[in-house]
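These notes are about the structure you will find just below.
The values are calculated or read from the model by the stated rules, or taken from the named source; none is laboratory data. Note that the coordinates shown come from a computational prediction; the quantities given were computed from them, not determined experimentally. Note that each Cβ is placed from the backbone with ideal geometry, even for glycine, and that neighbours are counted across all protein chains shown. The area values use the complete protein model at the heavy-atom level, side chains included, leaving out ligands, DNA and RNA. Shrake-Rupley method; radii C 1.70, N 1.55, O 1.52, S 1.80 Å.
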Amino acid sequence: MSEPSPTGPFEPTDQDRAAKRRLRGFLNHLLAYFAVLVVIVPINAWAAPQTPWFLLVMVGWGAPLALHAAHAMGLIGRGRG
């Protein structure tokens, strides 16, 4: 049988706080990603509709964003909080 938590059954642990901090960081990153795309897609459509250069930004930023999502889910970087 496990020992009861000294802070009570409903108090967040350090792991809970770290997970919440990782998720908040990821959501900020995701919000910035979409905010930038909302601005550059119309600029691309207006300035150079024949050249979809916004895709470079979308894919180039999307890859690190996917890694950040994996970190926020706890799939990578488990040794750090």
**OP:** Looking only at the range 51-58, decide whether some residue is of a type in the set (S, T, Y) and modelled with pLDDT of 95 or more.
**Re:** yes
Original post:
Out of all the residues in the range 9-23, which are assigned to a helix (DSSP H, G or I), open to solvent by less than 70 Å² (accessible area, probe 1.4 Å) and not charged (D, E, K, R)?
Top reply: A18, A19
Original post:
Within the group F26, F34, which residue is closer than 14 Å to A72 by Cβ, of a type in the set (F, W, Y), modelled with pLDDT of 95 or more and assigned to a helix (DSSP H, G or I)?
Top reply: F26
